[in-house]
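Engineer: Have a look at this one.
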Amino acid sequence: MSETTERISKAREHIQTRMKIEPQIAIILGSGLGGLIDDVQIDAVFPYSEIPDFPISTVEGHAGQLALGTLADKAVVVMQGRFHYYEGYPMSSVIFPVRVMRALGAGTLVVTNAAGGLNPSFDPGDVMLITDHINTMGANPLIGSNDTAIGPRFPDLTRAYDPDLQGIVQSVAEREEIPLQQGVYVAWSGPSYETRAERRYLRLIGGDAVGMSTVPEVIAANHAGMKVIGLSAITNKATGDPDQQPDSHEEVVAMAKVAGEKLVRLVRNAIREM
Ligand code: HPA
C-alpha cells in the first residue's frame, strides 16, 4: 500500500466508525452555493479538522466540513468548503477529499463553482453546465508517483464530464424551466482575477467560463473512475471587452447566491434521477 492509499484509508476509517451508510454521490459545494445543504437530511457531520490527514482549512470565515446524509433518496457525502490551489495547498491536498469520498463508496461526483462568464452571451446569475474543461493552472494533481490502486498512470479525459449525466441535467432544466447555459470551464490558478487580455485569450482558446477551482478535483475523480457532472454559477462578466468592469469578490459572492437558487433546484432534481 502506498503512503497516499494509507492516508486515504485512515480518513475513510475515521468516518466509517461513526457512519455506516455508503454514499453513492459526492457533492462539492462552491462559494455561495452552500444552500443545497438545507435539502440534505444529515446523518453525520465531520469538521475537516477532525478527519485524519485532511488539509487544515484556511477558508474564509467558516471551517469547512464533510456532511453525510440523504438527498432526493440518495446517500450523499457533501463537502461544505473546498481547498483551493491559490490558498497554497499542494495539489495532493486539494484532491485528497475527493479520494476519500471515492473510498467511502461514491461513484459519482457533482461539482459546483462560481465562475466568470468569458462568453459574451452569459449574464451574472446564469447557470452553466460544464461540458469540458481547459487547465491553465500550470499544475496537474496527478504529477508524482502513481498508485495504480487508485487509478492508471495516464488517465483518459476525453469524456471528463459524463454525457449521460449531462443529459439528465439538461432534461431536468427543460422540465423545471430553469434556463441553462453550457460550455467549457477554464481553470485559472488565481488568486488575482484575469487581465482583460488574458480573458480575451481564454475566449480564443475555447473557454466559456473561468474560475479558480474544480479542474484538479475533476481530474482526480476521473483518475479514480468516478463519473463527473459539473455546474458553474456565472457571477460576473469576464469578456475582457472594452466595457469590462472591475471585478469584486463581494459581487461574485452575491451573484453566486442568485445563480445558486437555480443551481440547487437543478442539482436536487437531477440527483433524484441519477
Ligand atoms: N475569474 C476567475 N474566477 C472567478 C471569476 C472570474 O472572473 N468569477 C468567479 N470566480
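Engineer: How about Lys10: which lysines have a C-alpha closer than 20 Å to its C-alpha, ignoring those fewer than 8 places off in the same chain?
Structural biologist: Counting by Cα, and skipping residues close in sequence, Lys10 has these lysines nearby: Lys20.
Engineer: Can you list residues from other chains, or at least 5 along the same chain, whose modelled amide H is less than 5 Å from the amide H of Ile27?
Structural biologist: Residues meeting the amide H criterion: Val77, Val78, Met79, Val110.
Engineer: Also, I was wondering about something else. Go through region 217-234 residue by residue and turn each phi into a ³J(HN,Hα) via Karplus (6.51, -1.76, 1.60, θ = phi - 60°); whole Hz please, and just put x for glycine and proline.
Structural biologist: Listing the rounded values in order: 5, 5, 5, 5, 5, 5, 4, 8, x, 8, 8, 10, 10, x, 9, 10, 8, 7 Hz.
Engineer: Over what distance in Å are the Cα centres of region 90-164 and region 9-57 separated?
Structural biologist: Comparing the Cα centres of region 90-164 and region 9-57, I get a distance of 18 Å.
Engineer: Can you tell which of Pro152, Gly138, Leu204 lies farthest toward the positive end of the dipole of region 100-204, using +1 and -1 charges on the Cβ of basic and acidic side chains (Lys, Arg; Asp, Glu)?
Structural biologist: Of Pro152, Gly138, Leu204, it is Gly138.
Engineer: What list of ³J(HN,Hα) values in whole Hz, one per residue of region 104-117 in order, does the Karplus curve 6.51 cos²θ - 1.76 cosθ + 1.60 (θ = phi - 60°) give from phi, with Gly and Pro shown as x?
Structural biologist: With the stated coefficients, region 104-117 comes to 6, x, 5, x, 10, 10, 9, 10, 10, 7, 9, 8, x, x Hz.
Engineer: How much net charge surrounds Ala72 when only other residues with a Cβ under 10 Å from its Cβ are counted (Lys, Arg +1; Asp, Glu -1)? List each step's numbers first, then the result.
Structural biologist: Numbers: positive: Lys74, Arg268, Arg272; negative: Asp39, Asp73, Glu273.
Charge balance in the 10 Å sphere: 0.
Engineer: Mind sorting Lys10, Lys227 by how few other Cβ atoms lie within 10 Å of their own Cβ, fewest first? Intermediate results must be reported in sequence, preceding the final value.
Structural biologist: Details: Lys10 13, Lys227 19.
In order of increasing Cβ crowding within 10 Å: Lys10, Lys227.
Engineer: If packing is taken as the average number of other Cβ atoms within 10 Å across a peptide's residues, how do 184-195, 241-252 rank, most packed first?
Structural biologist: 184-195, 241-252
Engineer: What fraction, in whole percent, of alpha-carbon pairs in the chain exceed 23 Å separation?
Structural biologist: When every Cα pair of the chain is considered, 49 percent fall beyond 23 Å.
Engineer: Next up: By counting other Cβ atoms within 10 Å of each Cβ, how are Val100, Val172 ranked from fewest to most?
Structural biologist: In increasing order of surrounding Cβ atoms, one gets Val172, Val100.
Engineer: Rounded to the nearest 500 deg cm²/dmol, what is the calculated helix-only ellipticity per residue at 222 nm for the chain, with -39500 (n - 2.57) per DSSP H run of length n ≥ 4? Could the numbers behind the result be given before it?
Structural biologist: Numbers: 6 runs with 82 residues, N = 274.
It comes out at -9500 deg cm²/dmol, rounded to the nearest 500.
Engineer: Report, in debye and to the nearest 20, how large the dipole of region 18-164 comes out about its Cα centre when Lys and Arg carry +1 and Asp and Glu carry -1 on their Cβ.
Structural biologist: Roughly 420 debye, rounded to the nearest 20.
Engineer: Around Arg99, what is the net charge, scoring Lys/Arg as +1 and Asp/Glu as -1 over all other residues with Cβ under 13 Å from its Cβ?
Structural biologist: Summing Lys and Arg as +1 and Asp and Glu as -1 gives -1.
Engineer: Using the Cα centre as the reference, give the magnitude of the dipole from point charges on the C-beta atoms of the chain (Lys, Arg: +1; Asp, Glu: -1; all else neutral), rounded to the nearest 20 debye.
Structural biologist: 460 debye
Engineer: Apply the Karplus curve 6.51 cos²θ - 1.76 cosθ + 1.60, θ = phi - 60°, to the phi angles in region 69-86 and return the couplings in whole Hz, x for Gly and Pro.
Structural biologist: Result, rounded to whole Hz: x, 10, 9, 6, 6, 10, 6, 10, 10, 10, 8, 9, x, 10, 9, 9, 4, 5.
Just so you know, all these numbers are worked out from the coordinates, no wet-lab data involved. As the structure is a computational prediction, the values presented were derived from the model and not from experiment. Every residue, glycine among them, receives a Cβ derived from its backbone with ideal geometry; neighbour counts consider all protein chains shown.
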